[in-house]
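So the structure is just underneath, and the comments pick up after that.
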Amino acid sequence: EATNMLRAAVLDRVRTRTDQAERVRSELAASRKELDAFVYVASHDLKEPVRGIHGYAHYLIEQAGAKLDTEERRRLDGLVRLTDRMEGLIESLLHFSRVGQLDLTLAAADLSGVAAEALDVVAPRIAEAGAEVVIGPLPTLRCDRRWVREVLVNLITNGLKYNDQPHKRVEIGYTVPTAEGDPPVLFVRDNGIGIPERHREAVFQMFKRLHGRTDYGGGTGAGLAIVRKIVDRHGGRIWAESVPGAGSTFYFTLATEKCPK
Ligand code: ADP
């Protein structure tokens, strides 16, 4: 009798905790959605005026070109460059919020095919760098293939970009799960400059860059934030490991069965 009462009490406790956790999770999801909606509206509204300023600066250069002295011309060129950059940042924010808002189209996808598509996108950069990109065997997983392709494009591009080696190499593969029910862990490995331990989480923050604005071909620092969001939406996890000077490996999972909204 006493054991039964104890069991009932414990079960009740567990149920309450589970309910609480469920509530917190759905509140969190709701506020994430709200944040995405806010970012979307804010960046969308910023886009028009910035485009306008860009247009005016261009117009001035075209129309008054001959009358401008060197200094005036230099400043107007600077204005065009800055608004260019702002438009890039705004586009990244818009895209970031879209990843949070749009529904995923989930279907079984052969990731070898998805990786081959990613390679097509990156082909010009691979050729230019004289790099080698190797795709190992990959599993078939339920995911939104367009977005997973974007994850791979970003990771491959970074592996080539943050790389000083004369022979740049990127390898895409996965490790077979050791425990049943565990998702396979996909990886993109490069032989590039590496990421110091203290920055390994920070690189996933929006607009975070470890180098000067124009070093390593520039960039907005949005890529990995978007990549993490895509992985999050698939119920997966992404992290980086690295030996500075020798290369980095980005690991990620995609939930195998239940993919949360
Ligand atoms: P971006 O490439 O536009 O700067 P990302 O969000 O893709 O933005 O990356 C953020 C920063 O993380 C980069 O600026 C770079 O400093 C660092 N980083 C990303 N990928 C790698 C890599 N494979 N090797 C070394 N550093 C990297």
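What is the residue count in region 109-134 for residues that are over 19 Å from the mean Cα position of the chain (by Cα) and within 18 Å of S248 (Cβ to Cβ)?
The qualifying residues number 6.
Quick check: is even one residue across region 40-51 part of a helix (DSSP H, G or I), surrounded by 15 or more Cβ atoms within 10 Å (Cβ to Cβ) and in contact with a Lys or Arg (Cβ under 9 Å, 6 or more places away or on another chain)?
Looking for residues that are part of a helix (DSSP H, G or I), surrounded by 15 or more Cβ atoms within 10 Å (Cβ to Cβ) and in contact with a Lys or Arg (Cβ under 9 Å, 6 or more places away or on another chain), one finds at least one in region 40-51, hence yes.
Across region 64-112, what is the number of residues that are open to solvent by 70 Å² or more (accessible area, probe 1.4 Å) and among the small types (G, A, S)?
Adding up the residues that qualify gives 2.
Within region 164-223, can you find the residues that are of a type in the set (D, E, K, R) and in contact with a strand residue (DSSP E or B) (Cβ under 9 Å, 6 or more places away or on another chain)?
Listed by number, the residues that qualify are K168, R169, E171, R189, D190, E197, R200, E201.
Looking at G192, G221, G245, G212, which is the one that is crowded, with 16+ Cβ neighbours inside 10 Å, over 26 Å from P139 (Cβ atoms) and among the small types (G, A, S)?
Matching residue, one of G192, G221, G245, G212: G221.
The values are calculated or read from the model by the stated rules, or taken from the named source; none is laboratory data. Since the model is a prediction, treat every value here as computed from it, not as a measurement. Positions of Cβ are backbone-derived with ideal geometry, glycine not excepted, and every protein chain shown enters the neighbour counts. Areas reflect the complete protein model, heavy atoms only, side chains present, ligands, DNA and RNA absent. Shrake-Rupley method; radii C 1.70, N 1.55, O 1.52, S 1.80 Å.
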